[in-house]
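If you scroll down you'll find the structure; I have some questions about it.
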């Protein structure tokens, strides 16, 4: 991502797809001028490890179809937290206890924080048929 507009477009697309996959408590942190790692974190909560895997693989696939490929992804079995790295934007999906434990919002409390509301992010249509096999994300295999 090279421009602020592209970053905002990818952030909006990622959040829309998180809501489409029933993620909860979605928010984002503006890390521009605060981090050399990335410009934005998108944070979401899910209910189970199965939903965690489904959200991560689905969002990764949906964004790839929209022309935005993840540089890396990770969600080790039993980790209760998964990550999609899109360069300047990183998506974190947690089970509730892991989100409370790692408390990224508290760690980055000096960064502007924004709550996302489903009504502000139109949920994209997701095709009924799956064109490719669901991918398992592994803590050992970075793509």
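The values are calculated or read from the model by the stated rules, or taken from the named source; none is laboratory data. Note that the structure is a prediction, hence the values are computed from the model and not measured. Because the Cβ atoms are built from the backbone with ideal geometry, glycine has one as well, and the counts that use them run over all protein chains shown.
Inside the stretch 14-45, can you point out the residues that are farther than 21 Å from residue 108 by Cα, surrounded by 16 or more Cβ atoms within 10 Å (Cβ to Cβ) and touching a strand residue (DSSP E or B) at 6+ places or on another chain (Cβ under 8 Å)? Walk me through how you get there before you give the answer.
First pass over the stretch 14-45, keeping only residues farther than 21 Å from residue 108 by Cα: 16-23.
Okay, now just the ones that are also surrounded by 16 or more Cβ atoms within 10 Å (Cβ to Cβ), so 16-21, 23.
18, 19, 23 - these are the residues of the stretch 14-45 that are farther than 21 Å from residue 108 by Cα, surrounded by 16 or more Cβ atoms within 10 Å (Cβ to Cβ) and touching a strand residue (DSSP E or B) at 6+ places or on another chain (Cβ under 8 Å).
Does residue 11 satisfy being surrounded by 21 or more Cβ atoms within 10 Å (Cβ to Cβ), modelled with pLDDT of 95 or more and assigned to a helix (DSSP H, G or I)? Let's see the steps before the verdict.
On the way: surrounded by 21 or more Cβ atoms within 10 Å (Cβ to Cβ): yes; modelled with pLDDT of 95 or more: yes; assigned to a helix (DSSP H, G or I): yes.
Spelling it out, residue 11 is indeed surrounded by 21 or more Cβ atoms within 10 Å (Cβ to Cβ), modelled with pLDDT of 95 or more and assigned to a helix (DSSP H, G or I).
Of all residues in the stretch 66-107, which are in contact with a strand residue (DSSP E or B) (Cβ under 7 Å, 6 or more places away or on another chain), surrounded by 17 or more Cβ atoms within 10 Å (Cβ to Cβ) and in a loop (DSSP other than H, G, I, E, B)?
Hits for the stretch 66-107 are 70, 75, 80, 88.
Does any residue of the stretch 44-56 turn out to be part of a loop (DSSP other than H, G, I, E, B), under 19 Å from residue 9 (Cα atoms) and more than 12 Å from the chain's Cα centre (by Cα)? Reasoning before the result, please.
In the first step, residues of the stretch 44-56 are kept if they are part of a loop (DSSP other than H, G, I, E, B); the result is 47-48.
When the remaining residues are screened for being under 19 Å from residue 9 (Cα atoms), the result is none.
No: the stretch 44-56 contains no residue that is part of a loop (DSSP other than H, G, I, E, B), under 19 Å from residue 9 (Cα atoms) and more than 12 Å from the chain's Cα centre (by Cα).
Can I ask one more? In the set 70, 66, 75, which member is under 16 Å from residue 11 (Cα atoms) and modelled with pLDDT under 95? Give the steps one after another, and end with the answer.
Numbers: 70 fails: modelled with pLDDT under 95; 75 fails: under 16 Å from residue 11 (Cα atoms).
Of 70, 66, 75, the one residue that is under 16 Å from residue 11 (Cα atoms) and modelled with pLDDT under 95 is 66.
I would also like to ask the following. Got a sec? Which of 14, 44, 75, 23 is farther than 22 Å from residue 117 by Cβ, in contact (Cβ under 8 Å) with a residue 40 or more places away in the chain and in contact with a helix residue (DSSP H, G or I) (Cβ under 7 Å, 6 or more places away or on another chain)? Give the steps one after another, and end with the answer.
Details: 14 fails: farther than 22 Å from residue 117 by Cβ; 44 fails: farther than 22 Å from residue 117 by Cβ; 23 fails: farther than 22 Å from residue 117 by Cβ.
Within the list 14, 44, 75, 23, the selection yields 75.
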